[in-house]
1. With a 1.4 Å probe and every protein chain left in place, work out the accessible area per residue of the chain in Å², rounded to a whole number.
2. Would you work out which of Y53, V9, G158 lies farthest towards the positive end of the dipole of the chain? Charges go on Cβ: Lys and Arg +1, Asp and Glu -1.
3. Over all directions, average the projected area of the Cα convex hull of region 60-179 and note it in nm².
4. For the chain, with all protein chains present and a 1.4 Å probe, just round the carbon and sulfur fraction of the accessible area to a whole percent.
5. Only Lys, Arg, Asp and Glu count, each charged at its Cβ (+1, +1, -1, -1), so figure out the dipole size of the chain about its Cα centre, rounded to 20 debye.
6. Which lysines have a Cα less than 25 Å from the Cα of K52, not counting those fewer than 8 places away in the same chain?
7. Compute, for region 182-243, the length of the dipole vector about the Cα centre, with Cβ point charges of +1 (Lys, Arg) and -1 (Asp, Glu) only. Units Debye, rounded to 20.
8. Between A67 and T249, what is the label-to-label distance in nm when each label sits 7 Å out along the Cα-to-Cβ direction?
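The values are calculated or read from the model by the stated rules, or taken from the named source; none is laboratory data. Worth saying up front: this structure is predicted, and the values here are computed from it rather than measured. Here the Cβ positions follow ideal geometry from the backbone for every residue, glycine too, while neighbour counts run over all protein chains shown. Quick note on the areas: whole protein, heavy atoms, side chains included, nothing else; ligands and nucleic acids left out. Shrake-Rupley method; radii C 1.70, N 1.55, O 1.52, S 1.80 Å.
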Amino acid sequence: MRDETGTSVAERLLDLLECLSSAPLTVRAISEKSGIPISTVHRLVRLLLSRKYLVRQDRGRYGLGLASVELSSRADLDAILTSTTRPVIANLARNCSRTAHLGVFQNNLVRYLVRVEAGYSRPPSREMTELEAYCTAIGKVLLAQLSPEQLDEYLAPGDFVSLTENTISQPGCLRTELEAVRNQGWAIDRGEMYPELCCLAVPIQDRTGRVIAAVSVTDTCKHERLSEVEDRLLKLLPRINAAAEEISTLLRFP
């Protein structure tokens, strides 16, 4: 079903709900912000009120109702990320002939949601487990997106544990590293978690530019200089960026 402008009712409903995701609005303000004709806004508001997806507030404003909150709370973000991104991560692993990961930032740790093995590297990471953020490529990408206040809080306890001789353990040095990550758009783990492994990671962003996850590819550095492995990983950067962009497109986060 489509309205008088040829737009589907489903599209209008989504436009209206997105308008109200940040603050309650009047019918006229909804119409002006969304471009939905005011008569259509009235009709949709009545429907959403009757189903508890909207609530009427003071001064003729409408906001998201309990049904909207309950619906969103039932959606497990980790599960959505895992199921949606696994085919892309698997394809990336095959294309690079290396193990690929997708991870998120939770409780100051990296939680690995997807891990697909390919090639000769077999990192000890496991799905649905956590590792420290400061010494992993995915972790650096996710730390780099923190606000200054959040980053200060993360760095406040002082020196971190040096897991290898390459671990960046001093807060000042880590802050410098994260600034470089923000500027260049990627992060590398130079044998900082495990001495024999390197990883290259890039961010996954929603359509507002907010970083919601990161994807990485792993390589081994057992018998080579770190600089050689880093150069090899950087040659894969276009493929990793393409996978991150594909995931961002699939998710279409508001």
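1. 52 Å²
2. V9
3. 10.9 nm²
4. 51 percent
5. Using only the charged Cβ atoms, the result is roughly 1200 debye.
6. K33
7. Dipole of region 182-243, to the nearest 20 debye: 300 debye.
8. Placing both labels 7 Å beyond Cα along the Cβ direction yields 3.5 nm.
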